[in-house]
Amino acid sequence: MADSLALALQLITQADAQLLGIVALSLRVSLSACAVGALAGLALGAWLAVARFPGHQLLVWAVNTLLALPSVVVGLLVYLLLSRSGPLGSWGILFTPTAMVIAQSILVVPLIAALSRRLVADALAQGGDQLRSLGAGPLTAALLMLLHERLAVLTVLLTAFGRAVAEVGAVMIVGGNIAGVTRVMTTAIALETSKGDLPLALALGIVLLGVVGVIHGVIALLPMRDRGLREALA
C-alpha cells in the first residue's frame, strides 16, 4: 500500500499524461452536465415554487423522490433510449461523452430543482410582497429571487457538480469506459482497481477527493463572504 501510494503521488506531481486526460474529461463532462442541468433545474424549481394547479404537490413529491434516483437506473434508461434499437439510436451518440453528459444532466436536474424550489419559496415568503407590489408576476418574481439569492444558487450548483463528478454507474453504462474517449475518474478507478493497477487508481482517487474537497470548501466559505459583503454595504 505504501509503495502504491508513493507511485500515485509521483503520477500526480509529474502530471502524468494519462492521469491529466482522465481528469480533464471528467471535469468537462460534469461541468457540461451541470450547465444543462442548471438551465432546466432552476427553471423548474422557480416554476414549482409559484405554480398552483391540480397535482402540484404530486409533482413536487415526484421531484423530491427523484433525489434518491439510483445512477444505474438513469444509465439504463439513457442506454435504452440511445441504443441502436432505441428511439434515439439514429443519433449515434451512445458510448460518447455526449451520452455521459445527458445521463449526468438527468441526475442533477431533480437535485437543482428541489433545492431551488425551496430556496425561491423561502425568499418569496420574506420579500415577495414587495415584488408583487411593483407589478411583478409570480414567475418573474421567482426568477428575480434566483438572481437575488445568487450565492445560495451557486451553492446549489456546486452541490450538483459534486454529485455529478463523483457518479460512476450511469457514465459507465452509457459511456462504456473507453480509454481516451469516455474514461472518467470514477470509472477509471473501478477499472484500474480490478486490473490491480493501484497507483493510477489511488492517484485518481486523490484527485477526485481533492476536487470534492475544494467544492465543499467553497460552499463553506460562501456564507462567510456573503456576511462580509452585507456588512460592507451596511
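As I understand it, the value is the acute angle between the Cα axis of helix 56-65 and the longest principal axis of the Cα atoms of the chain; what does it come to in degrees, rounded to 10?
Relative to the chain, helix 56-65 is tipped by roughly 20 degrees.
What's the magnitude of the charge dipole for the chain around its Cα centre, counting Lys and Arg as +1 and Asp and Glu as -1 at the beta-carbon? Answer in Debye, nearest 20.
Result for the chain is approximately 500 debye, rounded to the nearest 20.
Can you tell me the length gained on complete extension of the stretch Ala62 to Leu222, counting 0.36 nm per residue apart and subtracting the Cα distance?
Taking 0.36 nm per residue and subtracting the Cα distance, the gain is 54.6 nm.
Got a sec to turn the phi values of the range 200-209 into Karplus ³J(HN,Hα) couplings, 6.51 cos²θ - 1.76 cosθ + 1.60 with θ = phi - 60°, whole Hz, x for Gly and Pro?
Each residue of the range 200-209 in turn: 5, 4, 5, 4, 5, x, 5, 5, 4, 4 Hz.
For the range 1-127, build the charge dipole from Cβ charges (+1 Lys, Arg; -1 Asp, Glu) around the Cα centre, then report which of Gly127, Ala68, Gly92 sits farthest towards its positive end.
Gly127
List, in order, the whole-Hz ³J(HN,Hα) value for each residue of the range 26-42 obtained from phi through the Karplus relation with A = 6.51, B = -1.76, C = 1.60 and θ = phi - 60°; use x for Gly and Pro.
With coefficients 6.51, -1.76 and 1.60, one gets 4, 5, 5, 5, 5, 5, 5, 5, 5, 5, 5, x, 5, 4, 6, x, 5 Hz.
Points 7 angstrom from Cα along the Cβ direction at Val214 and Thr193: gap in nanometres?
That separation, rounded to one decimal, is 2.3 nm.
Among Val212, Ser116, Ala152, pick out the residue whose Cα is farthest towards the positive end of the charge dipole of the range 2-233, where Lys and Arg carry +1 and Asp and Glu carry -1 on C-beta, about the Cα centre.
Highest projection toward the positive end goes to Ser116.
Quick one: Val78, Val168, fewest Cβ neighbours within 10 Å first, how do they rank?
Final ranking by Cβ density, sparse to dense: Val168, Val78.
Which is the longest run of the chain containing none of the trypsin sites (Lys or Arg not before Pro) found in DSSP loop states (not H, G, I, E, B) with at most 12 other C-beta atoms within 10 Å?
Of all site-free stretches, the longest is 85-234.
Using the Cα centre of the chain as origin and beta-carbon charges of +1 (Lys, Arg) and -1 (Asp, Glu), tell me which of Ala24, Gly176, Ile106 is placed farthest towards the positive end of the dipole.
Ile106
Match the structure shown to one of the listed values (i) 20.6, 67; (ii) 17.9, 58; (iii) 19.6, 68 of Rg and Dmax of the Cα atoms in Å, computed from it, and give that label.
Read-out from the structure maps to (i).
Expressed in nm to one decimal, what extension gain is obtained for the pair Leu80 and Leu7 from 0.36 nm per residue of sequence separation less their Cα-Cα distance?
Difference between extended and current length: 22.3 nm.
Computed from the coordinates by the stated procedures, all read-outs in this text should not be read as laboratory data. What you see is a predicted model, and the numbers here were worked out from it, not measured in a lab. So basically every Cβ, Gly included, is an ideal-geometry build from the backbone, and we count neighbours across all protein chains shown.
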